[in-house]
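Report on the following structure.
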Amino acid sequence: MLKKPSKQTSPVVDDYEQGVLSGDVTRLARAVTLMESSKPEHREMAQELLQRLLPKTGNALRIGITGVPGVGKSTLIDQLGTNLADAGHKIAVLAIDPTSSRTGGSILGDKTRMPRLAVNPNAYIRPSPTSGTLGGVTRKTRETMALCEAAGFDIIIVETVGIGQSETAVADMVDFFLVLALPGAGDELQGIKKGVLELADMIAVNKADGDNAMRAEQAAIEYKTALHILKPASPNWSPPVITVSGLKNIGLNTLWTEVQNHNSSLTQSGEFTGHRQAQNVKWMHEMVEQELMDLLRSRKAVGNELARLEAEVRHGKITPQLAVDKIISMLGL
């Protein structure tokens, strides 16, 4: 469990706080590393830092971008981010990296995949390992977003690994959820789960250039048809379908205009504020669940029993509910 911040941590946290608020990217990166640490002393400092910075958070527009591998997410983000940074925005990209389930290592190659944005003074790219988290979203992504907002970044883009079974994790932490698709929607449409399309605030068919242009337009028509039979994520917004090319910088102004239109529509209706508040509560619930699991594993006796019960559930010797009841009884709850 987290302890009350000690006086000894304050001078160190002071330095992190000043560095983040000043927009110092080096100290911001160190603060993010602190947030990602699992060491108890680091978690103590991280939560003190986050609490101090909380009044400076929440002012950025948060955009989630997903799509199947090879759809061109990084290329599009590199170009879109460069356009926005050159226009005076400060862009933070949280690129969620696949983590090896065997070694725990991550690829961390996003800065090489976004070469222009990586050297833009108005941009910050943070690759983060997924650590096996469902949906390719790290446990600390929300905290990282908060730090970036406190550092003055006004647009935050979360790039996910690809379409999976819990992309809702991304949609639950951003204001705008963009699904990228490929030309030739036939097989592609089958590969994108219905639930992901229902979460989309917009679908952009990427690589709509050269010989792919006509195929992209046809794909857009098919996606529009698919969206017509699905319930939209918001009663105040009908998700548009557009064609773009991240490589050729085609349609990205239209994409950004639609993001702004979405923001204006939800803000005027009051839905934007309610959506953010609901996200904060969900964040709390997820942290409670994670803290309880950490507490379970930290108690040796419970941890040993947990491993035994997992084996019995795996082999069908005990029901999951009965296993849970036994664990709860051990905690005296």
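The values are calculated or read from the model by the stated rules, or taken from the named source; none is laboratory data. Please read these numbers as outputs of a predicted model, since none were measured by experiment. Cβ: placed from backbone, ideal geometry, glycine included. Neighbour counts: every protein chain shown. Note: accessible area is taken over every heavy atom of the protein model, side chains too, but ligands, DNA and RNA are not part of it. Shrake-Rupley method; radii C 1.70, N 1.55, O 1.52, S 1.80 Å.
With respect to Asp78, is the statement that it is at pLDDT 95 or above and either open to solvent by 40 Å² or more (accessible area, probe 1.4 Å) or more than 14 Å from the chain's Cα centre (by Cα) (or both) true?
Yes; evaluated as a whole, the condition is true for this residue.
Give just the number: which of (1) at pLDDT below 90; (2) buried (at least 17 other Cβ atoms within 10 Å of the Cβ); (3) assigned to a loop (DSSP other than H, G, I, E, B) does Leu108 not satisfy?
It fails just one condition, (2).
Glu286 versus (1) open to solvent by less than 80 Å² (accessible area, probe 1.4 Å); (2) in contact with a Leu (Cβ under 9 Å, 6 or more places away or on another chain): which is the lone unmet condition?
With respect to (1) open to solvent by less than 80 Å² (accessible area, probe 1.4 Å); (2) in contact with a Leu (Cβ under 9 Å, 6 or more places away or on another chain), Glu286 is out only on (2).
Please specify each residue of region 303-319 satisfying the condition of being at pLDDT 80 or above and open to solvent by less than 70 Å² (accessible area, probe 1.4 Å).
Glu305, Leu306, Ala307, Leu309, Ala311, Glu312, Val313, Gly316, Ile318
Considering each residue of region 203-243, count those that are buried (at least 19 other Cβ atoms within 10 Å of the Cβ), touching a residue at least 40 places away in the same chain (Cβ under 8 Å) and under 22 Å from the mean Cα position of the chain (by Cα), and give that number.
2
Looking at the structure I just gave you, is Asn261 over 21 Å from Thr57 (Cβ atoms), open to solvent by 80 Å² or more (accessible area, probe 1.4 Å) and out of contact with any helix residue (DSSP H, G or I) (no Cβ under 8 Å at 6 or more places or on another chain)?
Against the criterion (over 21 Å from Thr57 (Cβ atoms), open to solvent by 80 Å² or more (accessible area, probe 1.4 Å) and out of contact with any helix residue (DSSP H, G or I) (no Cβ under 8 Å at 6 or more places or on another chain)), Asn261 does not qualify.
Just checking, does region 39-58 include any residue being touching a Cys at 6+ places or on another chain (Cβ under 6 Å) and either hydroxyl-bearing (Ser, Thr, Tyr) or modelled with pLDDT of 85 or more (or both)?
Checking region 39-58: not a single residue is touching a Cys at 6+ places or on another chain (Cβ under 6 Å) and either hydroxyl-bearing (Ser, Thr, Tyr) or modelled with pLDDT of 85 or more (or both).
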